[in-house]
Each structure stands twice: as structure tokens, then as C-alpha cells.
Amino acid sequence: MNESFKKLLKQKNLCPVCHAKKLMASTKIHVNGADRFSNGVALTPPMGWASWNLFRHNINENIIKEIAAAMKAAHLDELGYQYINVDDCWMSSVRDENGRLQGDLATFPSGIKALVEAVNSYGFKMGIYTSNGTLTCEDLPSSLYHERVDAETFAEWGVEYFKYDFCHNEPIPTLAPEIEKVLIAKKGETEFITLLAEEAELRGDAEIFEDERLTLTGKYISGLSNASGTAIFYDIEIPEEGEYTLTLGIRKAVRKDKYCEIIVNGKDTYSFRIPGSKGFTREGRNQTQVYFRKGKNSLLIHNPIGSRMDSAARQYQNMGKELMRATKKVAEETGKPEKPICFSICEWGWNKPWKWGSTAGNLWRTTPDIRPEWASVIGIYEATVRLYEYAGPGNWNDPDMLEVGNGKLTENENIAHFSLWCMLAAPLILGNDIRSFIKEDGSVDYNNKVLKIISNQKAISINQDKLGMQCRRIKTNGITDVLVKPLENREVAVCLLNKGNSSKDVSFSIKELTELMYVELPKADRYTVYDIWENTTFVAGNEISANLNGHSVKLYKIRAMG
Ligand code: GLA
């Protein structure tokens, strides 16, 4: 690249690799240029139950089996609830002799594989949890740096949902190593090809510097940090196709951890995590096995991580890939049908996961943890309602697991919470004690108010609508909101919400809905309006208004007549 062009790119803050705006380059193109994550599951928002909201760390294998039995007895499977997810604290504090995670030796003594089989025998799929960090939030072993073995373990156990938290995360360094040379040797042989710093084509901020303490030529490549520089070696002549040992010769200088990736022939990526330098000599070695074809090959070296967001995206993408790889591998090895793992990203919205979540997993938390209090439910709703454009079949915003039936939420609040999650096309992961729906004689307590809410089929059908569109807020005065969710068959769901403490009148016009670009409701003289919580139907011309108590909703499904 000529100097003036390089300067122009820098001036305009354009990426040296793809010439897009730098911000885009680091977050959208290099990292999020990854394909959409698509494993064929969660085409509608996932539904199930998880242990955290109610049980916290006090779980054991019997509780999980009791919940599965209660869910089956209450026919929740028939309503679409299919996952039973064991959250934090299922694992022992020690990995087994093969470096694999294992169930807590006292509270999950039969092992997780046996528990998966038990949960499956009730007709449910089992979910499991670790963190994208060195430990879980409860300080137990986790999957960062163990992605492959853990993904394989879960797939071998037959797990079908995986929640990946963000506690004890270690970000990928944005700093890149300085490269003195690259050595390539056929596996098992001592002769090698040497690529020198000066032979690389440098792009962006990459530059050659000199350090006489380096023994070969004294020259090295710097400026590869922060997704802003690239070094490429072209026309590397390889005599025979196969596996080679690639040694990255670096200049040891800075005490901070470093990271870079090598892309071979534009497709295979190899990552290097390099510890901060403490050694005596100037020259460091970092090795990996790479695959070369016969004839000319190319090597691109860069650090595509320009921010914390890039780092989080990349780490979740890595795990997503490992999960897909692992379930395929298990299917091939056993000859049984593949059991894809629904991948739940639990990054709390810190690094805008809605912007990259669909390249990494099936759903992503939009906020920190929910609590069974109105203020928490509304706070999370407010943060998530704006993110409608990111949700769709296979990839969802996740405003966290339901608190319906927990804490001191009133009946109105429980109904509002459930309705909002339905409108948001949110995962419906229950968090209450399902066993409380079952009477002592084993029969189901169909009068249980919480059971009535979570098993309202019409509300669930709004959530599970095949279009997979999240609602949009079309009106608000700060206290009352009007939400609209387009549905299949030219129908539409409307939710009126009163966030305040005292009662309020809320109204909307159906004609206005028909004029919204994203709504397919036909213009008509009369509409059938179904009131979901009253279980009544009425006919409306245009204006609908209702008086709502504090902390409550009205939920309607509307269809044109005639
Ligand atoms: C985090 C998550 C919660 C739960 C706990 C478990 O706080 O956001 O949903 O999984 O960890 O420790």
C-alpha cells in the first residue's frame, strides 16, 4: 500500500484491512463479520425452567428430578416448556482426572449424564451452566480456556441448553506481540523455512523497528495492536501438503499479556495468547500446529481485538463454535441424531451483546440480574424494549429468567411481567417452585394463580408466534405505554401497560396500527379483539381504551373482521 493512501485511511479513521470506518471495522466486520449463529434451534423463544431465581446455590439432583416430575404432572411440556436448566453450583470444585467438569460429588453424586437421562425420561431437555471466565459467579470451575473439552463433555452428556455467564472473565488482550520472524518446520523435522520481518507486507499501523539485541537481523514488526495493523507473508513455498509446526518469534518487551491471530490462506485461524514478558532474553517463541497446502501459501498476522466488545464477542463466538462442533462430533461417533445445544449468552448487556449476539449464540441477556420486584421487572423491560430490531427466529434478546410466582410480586405484577416477556419475544424460562402446583395427593392444583398465568395458552402463543418479532413501543407518557407485536396471519398483539402506582386510562386507535409499516393488520370497519387475561372477545371499530390498575396490563389479540 502506498504511503499517501495509508495516510488517507488514517486521517479518515478508516480500517487498513477493509477500508470501512474503524469502529465498524473492529466491532462489525472483523469480529462480527462472523456468520449468523444458526444451529437450527430456538426458532421461537426457548421455554423452560431454571434453578437460579428460586434455589440459588441450594440445588441437588433430587430437586431437579422433582421439578421435572412436577412439570410433567402439570402438563407444562404440552404448553411448550421444554428445557430444565441447572444453573450455577452443579459442578464440583475439582475437575476429574481427565480435566473434565463433573457434578458436585455430594449433591449430584449420580453424575450429570444420569441426570440428563432422568430429565429426558420425563420428556424434557436438560440445560447446564458455566461461565465465560476462569470461575463461575459462585467461584466454581468454568470454561474459559477449556471451551473444547467442556463443549464435548456437555454434548456427550446429552445436554441441550447451555447458559454461559460472564463472571471472572479475562478479556482478550488488545495488545499484539512484536514479530521478529516466523519459522515453519514439517512436523517431526528439524529443518525449517524462516520468514523475516522485512518480508511481510505491512498494512495500517504496522511498521518495522530495530532492536540490536535480536540476533537474526535486528528487525521486528510492531503496530499490530488494537485491530489496527496487519502483516502478511505471501508466496510461502511449501513442498508438501500437511501439518507443520509454526513458531512465532517475538520480541519480548512489555510485561502485559498479548494476543494475535494467524490466518493461513485466508481461512484457517490460529490464536496465540502470549504472557507478559519476564524472561531474561529478548527472544520469545510461541508455537502451534498449522495446516499448509503444497505450493504457495499465505499467512496474515493481526490482533482483531480492538475493544472489550470485540473480546466478549470473540469469546462467546468461540464457545458457540465449539458447541456446534461438539454436537456434530457426538452424533457422528454415536450414529444417533444430533442434539443441538441452545446457546444462552449471559453477558448482562455490558458489551452490547445485541450487536454481536446473533453471531455467537441463540439468546443474549440484555441487563444485569432480575429480582422479584416491580422496579426490577420494569427496569429490565425499559432496557429491552428498545432493542426490537435485534430479535428474530434463532436469536433473541433475553431480559432474564421469569420471576413470576417469586418474592412478593402481586398477581397484577405477575400477569404484567409474564405479558411483557411474551410481547418482548423473550425466552420464557420459569424460575419458581413448580412443585407447589402439585397437591399432596399428586393431583394438579389448577386453581393456583401462578400456574394459571404461566399456562395461559393465548399469551404463550403471542410469545411463540412464528414471525418472531419483538414488540415495539408506539406510545408512552412515561407512566403508561402501548406496545405492538405483529403476529402471523395478519393479526397483531397489543399490550397496554401502567407502570405507575395509581390507576390510569390508556387508549389507542386500531387505524393507527394499520398504518404502521411493520404491521400487516388490514384496514377494516370492524375488528375482533380478544382480551387475553379476561378471556373475553369484543368487536371494536377503532378506538380502544381501558382503565388499568397500578402495575398492570391489558393484553389483546386483534384481527380484522370480514
Ligand atoms: C449471574 C447470572 C445469573 C445466575 C448467577 C449464578 O449473576 O446473571 O443469572 O446465573 O450468575 O451464579
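The values are calculated or read from the model by the stated rules, or taken from the named source; none is laboratory data. Note that the structure is a prediction, hence the values are computed from the model and not measured. FYI the Cβ positions are ideal-geometry reconstructions off the backbone, even for glycines, and counts take in every protein chain you see.
Condition check: within 16 Å of the ligand (Cβ to nearest atom), surrounded by 19 or more Cβ atoms within 10 Å (Cβ to Cβ) and not small (Gly, Ala, Ser). Does Asp165 satisfy that? Answer is yes for this residue. Taken together, the criteria exclude Ile380 from residues that are surrounded by fewer than 24 Cβ atoms within 10 Å (Cβ to Cβ) and within 15 Å of the ligand (Cβ to nearest atom). Within region 514-523, identify whether any single residue is of a type in the set (Ser, Thr, Tyr) and under 24 Å from Ile453 (Cβ atoms), and answer yes or no. No - not one qualifying residue is present in region 514-523.
Quick grid of which residues meet (1) crowded, with 20+ Cβ neighbours inside 10 Å; (2) farther than 30 Å from Thr410 by Cβ; (3) modelled with pLDDT under 95:
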| site | (1), (2), (3) |
| --- | --- |
| Val492 | yes, no, no |
| Asn498 | yes, no, no |
| Ser507 | no, no, no |
| Lys511 | no, yes, no |
| Thr514 | no, yes, no |
| Tyr527 | yes, yes, no |
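Among all positions in region 462-474, there is at least one residue which is over 30 Å from Ile64 (Cβ atoms), of a type in the set (A, V, I, L, M) and over 24 Å from the mean Cα position of the chain (by Cα).
Taking (1) within 24 Å of the chain's Cα centre (by Cα); (2) more than 16 Å from the ligand (Cβ to nearest atom); (3) aromatic (Phe, Trp, Tyr) in turn, Tyr122 satisfies each apart from (1). Looking at region 411-435, I want the residues that are assigned to a strand (DSSP E or B) and have a partner that is of a type in the set (Gly, Ala, Ser) and surrounded by 24 or more Cβ atoms within 10 Å (Cβ to Cβ) with Cβ atoms under 8 Å, at least 6 apart or on another chain. Which pairs are those? Taking only residues 6 or more apart or on different chains, the pairs are Leu428/Gly48; Ile429/Gly48; Ile429/Ala50; Leu430/Gly48; Leu430/Ala50; Leu430/Gly405. Of the residues making up region 359-377, those that are closer than 22 Å to Asp310 by Cα and either within 13 Å of the ligand (Cβ to nearest atom) or at pLDDT below 95 (or both) number 6.
Of the residues Leu214, Leu248, Leu144, the single one that is crowded, with 17+ Cβ neighbours inside 10 Å, within 16 Å of the ligand (Cβ to nearest atom) and in contact (Cβ under 8 Å) with a residue 60 or more places away in the chain is Leu144. Per the conditions (1) at pLDDT 95 or above; (2) out of contact with any Leu (no Cβ under 6 Å at 6 or more places or on another chain), the sole criterion not satisfied by Ala151 is (2). If Gly478 meets every condition in (1) assigned to a loop (DSSP other than H, G, I, E, B); (2) surrounded by 15 or more Cβ atoms within 10 Å (Cβ to Cβ); (3) away from the ligand (no atom under 16 Å from the Cβ) apart from one, which number is that one? The one condition Gly478 does not meet is (2).
Looking at this structure, is Ala151 crowded, with 17+ Cβ neighbours inside 10 Å, among the aliphatic types (A, V, I, L, M) and farther than 30 Å from Ser51 by Cα? Please lay out each step first, then the result.
Numbers: crowded, with 17+ Cβ neighbours inside 10 Å: yes; among the aliphatic types (A, V, I, L, M): yes; farther than 30 Å from Ser51 by Cα: no.
Answer is no for this residue.
Matching residues to (1) at pLDDT below 90; (2) more than 16 Å from the ligand (Cβ to nearest atom); (3) surrounded by fewer than 18 Cβ atoms within 10 Å (Cβ to Cβ):
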| position | (1), (2), (3) |
| --- | --- |
| Phe5 | yes, yes, yes |
| Asn13 | yes, yes, yes |
| Pro46 | no, no, no |
| Glu97 | no, yes, yes |
